[in-house]
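Please read the structure below before turning to the comments.
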Amino acid sequence: PEDDNHITPPEECGHIISTLPTIAFLGRFVHHQYQGAWVIHERLPGVLSFQRSFTPRPGDVLLASPPKCGTTWLKALSFAIMARAAYPPTAGDHPLLRLNPHECVPFIDDLFSAGQDAKLEALPSPRLMNTHMHHSLLPASVAVDPNLKVVYICREPKDMLVSMWHFGNTIHPCDFSDMFESVCEGKSPDGPIWDHVLGYWRASKASPERVLFLRYEEMLLNPVESVMKLAGFLGVPFSAVDEVAGLPADIVKLCSIDTMKGLQVNKTGASGLFYKFQHKSYFRKGATGDWVNHMTPEMAQRLDDIFEYKLRGSGLSF
Ligand code: A3P
């Protein structure tokens, strides 16, 4: 997007922000370190406002992820699963055929930053929303509410980084090695990524009935099984009749990268409150292992070692 798409959020949190450590990611995108997480300047008011004023409702579903780990896909799948009574996945008027998944599921970090949280209030239950916030940033009402479910998706870190670089280039051309260094130092959007992943991993271990931990690679490998697992977790499992009729497979097809990429809305549109992101920039390869085309073996080893060290003892590995 061009700079003129950039809106400055209300500076009501200016005092808090002025006390925080600050970096310019890639020399341009200002981030503040708040409660251990690097949050982009425009979204920090949203984090503060969400912490202060969010009221969970029974049935709420929060989709959480670090950036570039399959958020768009998870949004599409969750939306298609939850809306299937009104919109069967093969319906010619399915909202996902005319809207980008980010327009179907509100991004609360931006919504609260822009002072538009009333839009969330106006949604009928069960509400579906997403965030890039660390688990440690979620207010206690969300972190422990038995009526709110969290679905988390993460991804192999080297592929995440490559995806972030491609996406970043659609906004502002940048050097791969600069981004690599920042991610290794933990100074990246919603970083450190290892802390992001660990927070939700631990929450899912402590409360598996409330927090579902998904991995992008496993979903790519077994999409139909993943959709069935997701529906079961969300409390809307497929019946035997649904399964025989191929409903889970229809949802997988509707939300596949090939279907999504081919839609007019995703070829041409753009959306976002603070930055207008081209819809097409959310759909690239949708595959695993692309890091080999961008990293030297030494870089790969360095990032692997960092994650191995940071995740040691957690039971999680990539
Ligand atoms: P690549 O850049 O590796 O292709 P996010 O949605 O969190 O921004 O993540 C974007 C990544 O998810 C991109 O990865 C993108 O291609 C991939 N992706 C988007 N839609 C997808 C889909 N329907 N199925 C699988 N992967 C998808």
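The values are calculated or read from the model by the stated rules, or taken from the named source; none is laboratory data. The structure presented is a predicted model; accordingly, all values stated were derived computationally and were not measured. Every residue, glycine as well, gets a Cβ built from its backbone with ideal geometry; the counts of neighbours run over all protein chains shown. Surface accessibility is based on the protein's heavy atoms, side chains included, excluding ligands, DNA and RNA. Shrake-Rupley method; radii C 1.70, N 1.55, O 1.52, S 1.80 Å.
Some values worked out for this structure:
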quantity: Hey, residue 111 out of contact with any strand residue (DSSP E or B) (no Cβ under 7 Å at 6 or more places or on another chain), more than 14 Å from the ligand (Cβ to nearest atom) and either of a type in the set (A, V, I, L, M) or in a helix (DSSP H, G or I) (or both) or not; calculated: yes
quantity: Residue match in the stretch 114-131 (condition: of a type in the set (A, V, I, L, M, F, W, C), out of contact with any strand residue (DSSP E or B) (no Cβ under 7 Å at 6 or more places or on another chain) and within 16 Å of the ligand (Cβ to nearest atom)); calculated: no
quantity: Members of the stretch 141-187 that are more than 16 Å from the ligand (Cβ to nearest atom) and closer than 24 Å to residue 292 by Cβ; calculated: 173, 175, 177, 178, 181, 182, 184, 185, 186
quantity: Qualifying residues in the stretch 122-138 (those that are part of a loop (DSSP other than H, G, I, E, B) and over 19 Å from residue 205 (Cα atoms)) - the one least open to solvent (accessible area, probe 1.4 Å); calculated: 127
quantity: Positions within the stretch 259-271 being within 16 Å of residue 105 (Cβ to Cβ), away from the ligand (no atom under 12 Å from the Cβ) and under 18 Å from the mean Cα position of the chain (by Cα), in sequence order; calculated: 271
quantity: Residue 250 being over 19 Å from the mean Cα position of the chain (by Cα) and assigned to a helix (DSSP H, G or I); calculated: yes
quantity: Hits in the stretch 112-121 (condition: open to solvent by less than 20 Å² (accessible area, probe 1.4 Å) and farther than 17 Å from residue 190 by Cα); calculated: 120
quantity: Test: residue in the stretch 140-163 that is among the small types (Gly, Ala, Ser) and either more than 18 Å from the chain's Cα centre (by Cα) or part of a loop (DSSP other than H, G, I, E, B) (or both); calculated: yes
quantity: Contacts under 8 angstrom Cβ, first residue in the stretch 240-256 being more than 13 Å from residue 225 (Cα to Cα), partner outside any helix (DSSP H, G or I) and open to solvent by 50 Å² or more (accessible area, probe 1.4 Å), 6 or more apart; calculated: 254/90
quantity: Some residue of the stretch 199-212 being crowded, with 22+ Cβ neighbours inside 10 Å and among the β-branched types (Val, Ile, Thr); calculated: yes
quantity: Where residue 216 falls short, out of the listed (1) aromatic (Phe, Trp, Tyr); (2) away from the ligand (no atom under 12 Å from the Cβ); (3) within 19 Å of residue 159 (Cβ to Cβ); calculated: (2)
quantity: Per-region count, the stretch 266-318, residues of a type outside the set (Ser, Thr, Tyr), open to solvent by less than 30 Å² (accessible area, probe 1.4 Å) and assigned to a helix (DSSP H, G or I); calculated: 7
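Okay, residues lined up against (1) surrounded by fewer than 21 Cβ atoms within 10 Å (Cβ to Cβ); (2) among the charged types (D, E, K, R); (3) modelled with pLDDT of 95 or more:
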site	(1), (2), (3)
167	yes, no, yes
177	yes, no, yes
187	yes, yes, yes
192	no, no, yes
196	no, no, yes
